[in-house]
Structures are given as structure tokens and as C-alpha cells.
Amino acid sequence: MMNATSCYETLGVVRDATPEAIAAAYQRCLSELRASLNGPNPPSPERLDALRAAYQTLGNPASRQAHDAALSPPTPLSPAVAADAGERKSHPFAFTGSGGEYFRIWIVNLFLSLITLGIYSAWAKVRREIFFHRNLVLDNSAFSYHGNPIAILKGRAIAVLLLIALTAAQNAGPLAYGLAVLVLLPVAPWLIVRAFRFRAHNTSYRGLRFSFHGSYRQALTAFVGYGLLAAISFGLLFPLFYRQQRTFVLNNLRYGSAQFHCTASGRQFYGIFLKPLGLALIGMFAIGFLAAAGGASQLLLPLAFGVGTMALMLFLLPYIRVRTTNLVWNHVTLERMGFSSTLAVLAYFGLLAGNLVLLLLTLGLYWPWAQVRLARYRASCMSLLSAEPLDSFVAGESANAAAIGDEVSELMDIDIAL
């Protein structure tokens, strides 16, 4: 068995690394091995064995504790590992667009989509995505969007045909509708994979594109398999279903040859969902008790209960959105880099409430400013953590992408996402 010091060095982690950091480091090392298999200097089989042994040692609390007890003092890390383990610099995201600029895009998109009976909506989406991508800035460089309106129009035509088919089946009767759902259910993962591939491939940063490598089987498991489990368990397995969706997307996403990896656990998702559920139950019982104690009539009691429940849900939904977003991105790595998300529940809720009031007062015309305010707040709470300059990382990934070849030959030419 390898000694504990070499385990830490092999995985490139510090002695006090968390289990999540160890798992992320193991996945990162595996990704690097896979990327170098077809290179001029492929890794030896012993390298893979060493990685597996290190992860098994450090991934088990008992074996890790036994090995740590034998260490005194810690062996200095190699220069390369020390650079990775050193303090990482925070590169904050920023959104630079204005509500007035987006209003001009939005109002033209709305007008042309209406007079063309929705056909222009594909071009409208491209204009919208270009605006939000080019105004999302990281390290003084903006993202770019390259979507083709014709591809989006094809996807929307398919979506409309599927909707018409489902509507016709529903009108024909419950049996026909049920059969139609069963027939279309296996098609959904195929469409989901195509949509993610399209969106990733048409997004770039500093000239280097993203790519998505999820398979149909993975999508079928994440969206249909876990979705059915959540349904038949009456929602008890919904946190796992939610986690599988997020990890399916992130664990199959690449920037150049660098692969994203999310280590958020199901237990952590349950911790987020169970707290608001308990609060909602307490709140509903409290509302019912107060209404009954106050001598409310049979008409006012359900009304008070319904209004109170709706008020709780309006707060709990932003709570879940904020907490799950922070959980996911704080457990995402991209090779040797990490992310930090610091959304605040009250600030996010206040932003949504303010946007809603202004939308009502302006009869919906405030929508562009509302979207820009949300984009600006989300970007301000997100940072990329890296121990090396982003210029060198991007340059290295550009070289790797050119060396291993572009894998988008299987990319479909439609975007089903609306």
C-alpha cells in the first residue's frame, strides 16, 4: 500500500482537504489522463493504479486517519502541487449591460415576432443571447454566442408539432393521451441532449468554445428515471432528481479539453429542501390555528389558509433557488480551478419583489430592466477561483483542443430549447 504522503501528492491536494475536494481532485486527474491518452506521451498504467489507490486510501475515513497518524511532519509538496494548493485568486464575474439597451432589443423582437406569427422568435432569441453573453465579463473578457437562427427555428417547429400531437391526443381521450405520453417520453432525453450540445457549442470565451458530451442513456436516467422515482415516491426523492439534473449537465460540460465536475451530494440537497418544507408545514398549521382561534367563518378559513400558503411558497421558491445555486457552484471544479457563489436569500427575494411591483406598475414594460437587474446581481455574486492567470489556462486549453481535435462532428443542427 502506498504511504499517505504520496496519496496527497498523487491527487494534488493538501493534508486537510475535504472529502469533496479529494473526490474532485480524483475526477480532475482522471480527466487529465483521458485527455493525454492519444498524445505523444500517454500515461503508464501504473499512473492510473496510483490514482485509484490514492483515492481509495483518502476516500475511506478509517484508512485516511491511520495514514495521517503516521505522518510527522507533513512532507513538503512538490512545486507544481504547491502552486495548485496555494491561495487561489478570485476573478469576479460582472454584467455590464443596461436595461435601456436591452429594452430596444426586446421591443423590436416582440414586434417582429408578433407580425411574423412567431417565425422571427428564433432570430429574437439569437439577439437576446448575444446581448446577455457579450455583457457577461470575466477577467476583462466577454463571452460570445454563435447560435444559428435557422437551427433554432427547426427546433421550435419540432416543439410545436409535438405540442399539437399531445393536444390532439388529449382531446381524443385519456387513453390516447396516455399512449402519446408513453411514446414521447423516451424522445425527451434525446431532445434534451441535443439542446445542451447546441447551447454549449455555440457559447465561447476568449475564442474557445464549450462542448457537451452527455449521452442519451445518461439523460434518460437523470430526467426520466429519477423523475418517475420522484413521482411514485410522492416527492420524497425529488431532491435526488434535482441533483441528477444538475450533475448531468455540469459533469458532461467541457471548456476546450477541460472538464467541469460537480461534487455536491444528495444529502446536501436534502438539507436544502427539508428546511423550507418544515417551515412551510409549520406556517400552514399556524395559519390554520390562528384563523380557527379567531372564529373565522367557513369561507374565510380556507381563504386565509390559501393566501398564507401562497405567501410562504413565494418566499420558499427563491430560497431554494438561491441555496441550490450556491451549493452547486461552490462544489464545481474546472481542472485546477473552482467557483464561488454568494447569492443571498433576502437580497434575491427583495430583487424579485421589486421587479414584480415595477412590472405591475408599468404593465409589463419594465421586463427588460428586470432581466438586466437579475443578470447583474447573479454575476456580481459569482467568482472563478484560480491559482494561475486565466490567460495561460485559456492558451493551454486552446492548444489541447487543437491537439485532440474537435469532437462536435456529432453535433445536431437544431435547438429544441425555447
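Just one residue in the set Tyr102, Tyr55 is modelled with pLDDT of 60 or more, hydroxyl-bearing (Ser, Thr, Tyr), under 30 Å from Trp369 (Cβ atoms) and surrounded by 13 or more Cβ atoms within 10 Å (Cβ to Cβ); that residue is Tyr102.
At pLDDT below 90 and not basic (Lys, Arg): is that true of Leu229 in this structure? Here the answer is no, as Leu229 does not meet what is asked.
Among the criteria (1) under 28 Å from Arg321 (Cα atoms); (2) open to solvent by 30 Å² or more (accessible area, probe 1.4 Å); (3) touching a strand residue (DSSP E or B) at 6+ places or on another chain (Cβ under 9 Å), the one Gln244 does not fulfil is (3). Looking only at the stretch 114-154, filter to residues that are part of a loop (DSSP other than H, G, I, E, B) and open to solvent by 70 Å² or more (accessible area, probe 1.4 Å); which one of those is nearest to Ser380 (Cα to Cα)? If we take residues in the stretch 114-154 being part of a loop (DSSP other than H, G, I, E, B) and open to solvent by 70 Å² or more (accessible area, probe 1.4 Å), then Asn140 is nearest to Ser380 (Cα to Cα).
Inside the stretch 1-25, can you point out the residues that are open to solvent by 30 Å² or more (accessible area, probe 1.4 Å), modelled with pLDDT of 70 or more and in a helix (DSSP H, G or I)? Those that are open to solvent by 30 Å² or more (accessible area, probe 1.4 Å), modelled with pLDDT of 70 or more and in a helix (DSSP H, G or I): Glu9, Pro19, Ala21. Can you tell me how many residues in the stretch 382-393 are touching a strand residue (DSSP E or B) at 6+ places or on another chain (Cβ under 6 Å) and either hydrophobic (A, V, I, L, M, F, W, C) or assigned to a helix (DSSP H, G or I) (or both)? Adding up the residues that qualify gives 3.
The values are calculated or read from the model by the stated rules, or taken from the named source; none is laboratory data. Everything numeric in this text was worked out from a predicted model, so none of it was measured. Cβ: placed from backbone, ideal geometry, glycine included. Neighbour counts: every protein chain shown. Ligands, DNA and RNA are stripped out before the accessible areas are found, and what is left, the full protein with its side chains, is counted by its heavy atoms. Shrake-Rupley method; radii C 1.70, N 1.55, O 1.52, S 1.80 Å.
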